[in-house]
Amino acid sequence: MVEEALQILLKAEADADLLVTDAKSKSHDIIRKAELSAQEEIDNSVAHGKSRASAMAAEYGSKAAAEMEAVKAETAKKIAECEKKASVNKAVALKKAMERIVRANGHR
């Protein structure tokens, strides 16, 4: 009877060891799956972030290009106005210079 009880205890201990080993194995599998899932989620988030950043960069790039074109057009318009004023001023200055020369040399 003592020997039978000892055999039952030894079997119970072996079963308990088996259960602990099985639980550890399942625990490691769960942890590994969770780590893989977390890494996959991180990778997806990074890819999504890169995609959004690219889209935003393209959007802001096109807005900046449009703004630059508007500034160039406005600048060209102002340059044309300044050149027109300069041309008028040059004509007036030449006319005045001619008048001075004529006055200085007498009216011939």
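For region 1-33, the set of residues classified as surrounded by fewer than 10 Cβ atoms within 10 Å (Cβ to Cβ) and part of a helix (DSSP H, G or I) consists of Val2, Glu3, Glu4, Ala5, listed by residue number. Would a scan of region 95-103 turn up a residue that is of a type in the set (A, V, I, L, M) and loosely packed, with under 10 Cβ neighbours inside 10 Å? Yes, region 95-103 has at least one match. Among the residues of this structure, Glu59 does not count as one that is surrounded by fewer than 10 Cβ atoms within 10 Å (Cβ to Cβ), in a helix (DSSP H, G or I) and either of a type in the set (A, V, I, L, M) or at pLDDT below 95 (or both).
The values are calculated or read from the model by the stated rules, or taken from the named source; none is laboratory data. Remember, predicted model here, so these are calculated numbers, not experimental data. FYI the Cβ positions are ideal-geometry reconstructions off the backbone, even for glycines, and counts take in every protein chain you see.
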